[in-house]
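Since the structure comes first, as structure tokens, the remarks are kept for the end.
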Amino acid sequence: MKRLATIVAASVFLLTSTAALAAPGDSEAPPSTGAGDDKPAADDQPPADSTTPPKDGGQLPGAGDPFKPGPKKWPTVMYGLGASFMMNIVPQFLLGAFTEAAVNSKYHVYPMSGGLHFVRRKKLLDMTVRVMFGHYGISDGNWLGANHDFSETDYMEFHNMNFLWADITWTWHTRLAKRFYLAYGVGIGIGWVMGKAYSTPSSGCTADNYHDTRLCAPVPADCDGTTCTRESLANHPLREQEKIPPVLPAVSGVIGLRYDFFRHLSMKFDTGIFLPGFWYFQLSLTAFF
């Protein structure tokens, strides 16, 4: 009996202790996760700030990172469209290599020519393709070829002389200052000559009077001292149409200055030799995209 009473008493004690440990409010704490227990789990992290910039800035190439100050990076290759305006001059030294005399107040200049161009810009190299049109402002007058006697002077008429050409130019640039560059390059192309030229032999010409059509001119002709009327020469028996090559090769050398107003707009002023025989001055504007 004493052994049974002892077993019963031990059982009551164990049951009482277990109930006390399982009482409400005293539940077991979750297992420890080690150091940094006060940090929320990954699933409980707040959403990322929508204003946080992505690593690449989230911009188009060359636009830079708007969240960080600093110089903007331009694309390696850009393309542009623009317009060119050019004045051509025949230098006196070049004219003298082919003529003995040329009496013409406008023999050395023709008015501004113009056209459109396409540019591929890669770093400091521009490849430009142009299509240009120019009108020769050559008025009529006495002309004499080099190494010819003045008795062989011809009165020349130039009817609607135009020149249409296309060329491709490679231009390199050296930076002089911010947005300001030295430009230099070469180009090749081909041109089409339009219009007609007529020659009529002049009489009584010497080295002293070839500039005066009252003394040196076709006979018969109606002349005022500078030019002769085309009507009076239209049916002249010695009047001939000159053969002009319809197609001419074009080669150019370029040197000039370029200024970038901003990323999408450039202006260039250049000068150089444009064969078949012109010294030119050109202003061009190009919009890039």
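The values are calculated or read from the model by the stated rules, or taken from the named source; none is laboratory data. No experiment lies behind these values; they were computed from the predicted model shown. Please note: Cβ atoms are built from the backbone with ideal geometry, for glycine as well, and neighbour counts cover all protein chains shown.
When restricted to residues that are within 16 Å of residue 280 (Cα to Cα), among the aromatic types (Phe, Trp, Tyr) and touching a residue at least 40 places away in the same chain (Cβ under 8 Å), segment 115-143 contains 1. Pairing each residue of segment 196-212 that is in a loop (DSSP other than H, G, I, E, B) with any residue that is among the hydrophobic types (A, V, I, L, M, F, W, C) and at pLDDT 90 or above, provided the two are 6+ apart or on different chains, yields C-beta distances under 7 Å for 202/216; 202/217; 204/215; 204/216; 205/216; 209/215; 209/216; 210/216.
For segment 258-289, filtering for residues that are under 17 Å from residue 117 (Cβ atoms), part of a strand (DSSP E or B), among the hydrophobic types (A, V, I, L, M, F, W, C) and in contact (Cβ under 8 Å) with a residue 40 or more places away in the chain leaves 6. Pairs are defined by a Cβ separation below 6 Å, a sequence spacing of at least 6 or placement on different chains, a first member in segment 71-93 that is under 21 Å from residue 163 (Cβ atoms) and at pLDDT below 90, and a second member that is β-branched (Val, Ile, Thr) and in a strand (DSSP E or B); the pairs so defined are 89/109.
Spot the failing condition for residue 226; the list is (1) in a strand (DSSP E or B); (2) modelled with pLDDT under 90, and only one is missed. Here residue 226 clears every test but (1).
If the condition is being in contact (Cβ under 8 Å) with a residue 60 or more places away in the chain and charged (D, E, K, R), then segment 227-241 contributes only 230. Only one of 202, 232 is surrounded by 17 or more Cβ atoms within 10 Å (Cβ to Cβ) and either of a type in the set (A, V, I, L, M) or out of contact with any Lys or Arg (no Cβ under 7 Å at 6 or more places or on another chain) (or both); which? Testing whether each residue is surrounded by 17 or more Cβ atoms within 10 Å (Cβ to Cβ) and either of a type in the set (A, V, I, L, M) or out of contact with any Lys or Arg (no Cβ under 7 Å at 6 or more places or on another chain) (or both) leaves just 202. Residues of segment 138-163 that are of a type in the set (S, T, N, Q) and crowded, with 19+ Cβ neighbours inside 10 Å: 142, 153.
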